[in-house]
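What follows is a set of notes on a single structure, which appears directly below.
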Amino acid sequence: MDWELIVCFEVHVELATATKLFCGCRIGTGLAANSLICPICTGQPGTLPTLNKKAVELAVRAGMALNCSINEVSRFARKNYFYPDLPKGYQISQYETPFCENGFLEIEGDGGLMRKIGIRRIHLEEDAGKLVHSSGSLEGSENSFVDFNRSGVPLLEIVADHNREPISSTTEARRYLERLRQVLIDIGISECAIEKGQFRCDVNVSVRRNGEKAFRPRTEIKNIGSFRFINEAIEYEKQRQIELAIKGAPCFQETRLFDEARRITIPMRGKENAPDYRYFPDPDLVEVTLGNDFLDSVRRNMPDLIQGRLSELTCDYGLSEDDAGLIAKDRRLFEYFVRASARIVNRKKLAGWITRDLFSLLKTAALDISASPVSPEKLSELVSLMEHGELTETMGRAVLKEMFQTSRAATEIIEKKSMTPITDIEALISVVQKVIAQNPDAVDTVRSGKKETINFLVGQAMRLTSGRADAREVRDILIKIIFP
Ligand SMILES: [Zn+2]
């Protein structure tokens with residue numbers, strides 16, 4: 001009997017705001033403990049929170065990038081629990097009305113088809129402080145200290161939806177996390193540095209028999225440190241749950257820890273459900289109403305998504321993944337390519353001229369694409385001349401070099417140098433015969449079996465014609481004459 005795996009991530013992302021979510025304290029790492037705190041983020045009596053508008057903007061930006069509907073009115077709630085690094089005894093989070101709901105993230109599924117992995121909600125909440133144990137871990141420590149620098153840092157929680165296209169394998173899980181991280185970095189809401197704790201995930205795992213409709217109890221694995229361990233934890237948990245089910249033993253809904261040394265999950269506590277936290281609307285914060293002006297401005301400031309550019313380049317322009325990857329990386333380069341490709345039939349060829357020839361000229365001159373002396377329109381003209389056989393590739397390369405140095409148009413340079421390709425076959429044959437007569441040793445070497453020496457002879461013909469010969473044709477004629 002085959003089993004289906006159901007994986008749902010809860011990802012916490014630290015937002016790249018300058019200050020905390022409800023006070024003006026700066027955000028920083030590696031600083032002295034409790035150096036970035038104030039009465040608000042340490043929960044002193046009588047203080048009131050003030051919402052950071054930038055954090056809301058970044059949350060909504062994430063929601064738009066992840067295809068969510070944005071709630072016009074949302075509000076903050078208190079999530080009550082006791083922990084020494086949570087001075088108020090509650091965390092300000094969101095419950096019934098988060099900023100964003102019902103989105104999806106598109107990834108390549110195991111069958112090779114694209115899948116829209118459901119995202120149930122995206123909400124904003126404050127981070128807690130950090131406990132520092134005197135001997136590095138809780139066990140065996142005589143003292144524990146608390147550092148509130150992290151207290152009140154804005155966190156975005158992105159919760160996947162187990163009801164809509166959930167992740168069904170460890171490879172999909174990995175693709176989901178990598179893609180999600182890439183999107184969030186791309187829209188500039190966080191650096192998502194895993195080692196700095198800016199991108200943390202908890203994962204919910206359950207299994208059911210193929211065809212089964214109902215869900216079985218799920219377990220949540222907390223705070224896994226790396227993508228590799230996430231895969232191992234999911235795989236371990238899947239096998240453990242299947243074995244329990246086969247034995248007929250119950251699987252409890254609980255929170256488990258992944259033991260990185262032993263590569264197993266171990267029980268931590270019973271999984272809390274919402275009622276355990278006694279959520280209620282935070283009376284210190286009014287409802288947040290996002291007006292159309294605000295939403296429009298978030299939309300306008302949304303940076304392009306690299307993923308969208310990639311799929312446009314491969315699907316609409318027919319580029320190889322390698323070329324698309326090089327061009328999609330930089331939005332300005334992508335725009336350059338799109339402008340240049342307007343009158344080009346062979347876009348792959350254009351991509352090659354950008355990623356090979358133009359890149360190397362830019363690199364030598366230490367310029368980036370926005371400062372290129374060759375405009376997209378001018379490059380387009382050059383490539384289209386070659387497309388129409390009015391210029392050989394060798395000539396094209398020389399012309400591009402001169403265009404780069406002078407910013408002049410290709411036609412201008414060609415006219416000035418009276419560069420036209422040699423199309424007359426008799427003329428080409430006589431050039432080749434001249435090369436053969438001048439290089440008897442090289443011809444012998446080719447005859448004796450060292451075929452690569454033919455490249456040298458082609459080069460000689462190109463030199464004689466100042467690049468006006470078509471290299472492929474020269475090679476064909478050489479072979480016909482040397483091996484009659
Ligand atoms: Zn503060």
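The values are calculated or read from the model by the stated rules, or taken from the named source; none is laboratory data. Model, not experiment: these values are computed from the prediction. Note: ideal-geometry Cβ built from the backbone for every residue, glycine included; neighbour counts use all protein chains shown.
Numbers for the structure displayed
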{"quantity": "Top-ranked residue of the stretch 246-285 - restricted to ones that are without any contact (Cβ under 8 Å) to a residue 60 or more places away in the chain and of a type in the set (A, V, I, L, M), ranked as farthest from Pro217 (Cα to Cα)", "calculated": "Ala261"}
{"quantity": "Residues within the stretch 196-225 that are within 17 Å of His162 (Cβ to Cβ) and crowded, with 16+ Cβ neighbours inside 10 Å, tallied", "calculated": "13"}
{"quantity": "Scope the stretch 362-406; condition β-branched (Val, Ile, Thr), farther than 22 Å from Thr465 by Cα and over 33 Å from the mean Cα position of the chain (by Cα); matching residues", "calculated": "Thr406"}
{"quantity": "Answer residue from the stretch 5-27, given it is more than 21 Å from Pro84 (Cβ to Cβ) and within 12 Å of the ligand (Cβ to nearest atom) and is surrounded by the most Cβ atoms within 10 Å (Cβ to Cβ) among those", "calculated": "Ile27"}
{"quantity": "Verdict on Arg278 being among the charged types (D, E, K, R), touching a helix residue (DSSP H, G or I) at 6+ places or on another chain (Cβ under 7 Å) and farther than 23 Å from Asp368 by Cβ", "calculated": "no"}
{"quantity": "Verdict on Phe294 being of a type in the set (A, V, I, L, M, F, W, C), more than 30 Å from Leu400 (Cβ to Cβ) and touching a strand residue (DSSP E or B) at 6+ places or on another chain (Cβ under 9 Å)", "calculated": "no"}
{"quantity": "Top-ranked residue of the stretch 165-175 - restricted to ones that are of a type in the set (Val, Ile, Thr) and touching a Leu at 6+ places or on another chain (Cβ under 9 Å), ranked as nearest to the ligand (Cβ to nearest atom)", "calculated": "Ile167"}
{"quantity": "Any chance Gly89 is within 16 Å of the ligand (Cβ to nearest atom) and either outside the structural domain of Phe199 (by TED's automatic domain parsing) or more than 22 Å from the chain's Cα centre (by Cα) (or both)", "calculated": "no"}
{"quantity": "Subset of the stretch 352-393 [surrounded by 15 or more Cβ atoms within 10 Å (Cβ to Cβ) and more than 25 Å from Gly459 (Cα to Cα)]", "calculated": "Leu362, Ile369, Ser372, Pro373, Val374, Ser375, Pro376, Lys378, Leu379, Ser380, Glu381"}
{"quantity": "Residue count, the stretch 28-65 (criterion: away from the ligand (no atom under 16 Å from the Cβ), surrounded by fewer than 20 Cβ atoms within 10 Å (Cβ to Cβ) and over 23 Å from Pro283 (Cα atoms))", "calculated": "2"}
{"quantity": "Test: residue in the stretch 99-113 that is over 26 Å from Pro281 (Cα atoms), aromatic (Phe, Trp, Tyr), away from the ligand (no atom under 16 Å from the Cβ) and assigned by TED's automatic domain parsing to the domain that holds Gly197", "calculated": "yes"}
{"quantity": "Exclusive hit being at pLDDT 85 or above, aliphatic (A, V, I, L, M) and farther than 30 Å from Ile422 by Cα, set Val338, Val383", "calculated": "Val338"}
{"quantity": "Within the stretch 351-375, tally of residues that are part of a helix (DSSP H, G or I) and aliphatic (A, V, I, L, M)", "calculated": "7"}
{"quantity": "Qualifying residue in the stretch 346-361 (condition: modelled with pLDDT under 90, of a type outside the set (Phe, Trp, Tyr) and out of contact with any Cys (no Cβ under 7 Å at 6 or more places or on another chain))", "calculated": "yes"}
{"quantity": "Residues of the stretch 309-351 classified as loosely packed, with under 13 Cβ neighbours inside 10 Å and under 21 Å from Ile187 (Cβ atoms), total", "calculated": "2"}
{"quantity": "Matching residues, the stretch 108-117, being within 12 Å of Leu66 (Cα to Cα) and not basic (Lys, Arg)", "calculated": "Ile117"}
{"quantity": "Residue check for Ala33: of a type in the set (A, V, I, L, M) and within 25 Å of Val183 (Cβ to Cβ)", "calculated": "no"}
{"quantity": "When residues of the stretch 137-164 are limited to those that are buried (at least 17 other Cβ atoms within 10 Å of the Cβ) and more than 16 Å from the ligand (Cβ to nearest atom), the one modelled with the lowest pLDDT", "calculated": "His162"}
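Conditions (1) in contact with a helix residue (DSSP H, G or I) (Cβ under 7 Å, 6 or more places away or on another chain); (2) closer than 28 Å to Ile354 by Cα; (3) not β-branched (Val, Ile, Thr), marked per residue:
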| residue | (1), (2), (3) |
| --- | --- |
| Glu390 | no, yes, yes |
| Ala398 | no, yes, yes |
| Gln405 | no, yes, yes |
| Lys417 | no, yes, yes |
| Asp424 | no, no, yes |
| Leu428 | yes, no, yes |
| Ala442 | yes, no, yes |
| Thr445 | yes, no, no |
| Phe456 | yes, yes, yes |
